[in-house]
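Working notes, structure below.
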Amino acid sequence: MGDLQRAVRPERAGVKPARLKIVKIDQPMTVSEFNSRYPSSIKPEQVALINGVEPDGKIQAGYAKQVVGGTPDTN
């Protein structure tokens with residue numbers, strides 16, 4: 001068995017990597033509103049962090065924002 005085959009555990013074989021997508025919003029919205037409109041596989045607090053706002057803050061209109069997708073790590 002090669003190194004790569006040993007490194008890939010069967011339980012991890014179906015896990016997809018997280019991807020970032022850039023979106024542009026037309027109006028300010030809370031992190032919760034943003035997360036509802038652009039669902040992500042990470043917690044809203046992490047969405048706030050990667051977008052540079054506080055979890056209870058507002059994301060300003062006109063700026064491209066990052067949305068994480070993929071299969072979340074369950075560990």
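Just a few scattered comments:
- Counting only residues at least eight positions apart within a chain, or on another chain, the lysines with an alpha carbon under 24 Å from that of Lys58 are Lys21, Lys24, Lys43.
- Local net charge near Gly69, Cβ-Cβ under 12 Å (Lys/Arg +1, Asp/Glu -1): +3
No lab work stands behind these numbers, since they all come straight from the coordinates. Because the structure is a prediction, the values reported are computed rather than measured. Cβ atoms come from the backbone with ideal geometry, glycine included; neighbour counts cover every protein chain shown.
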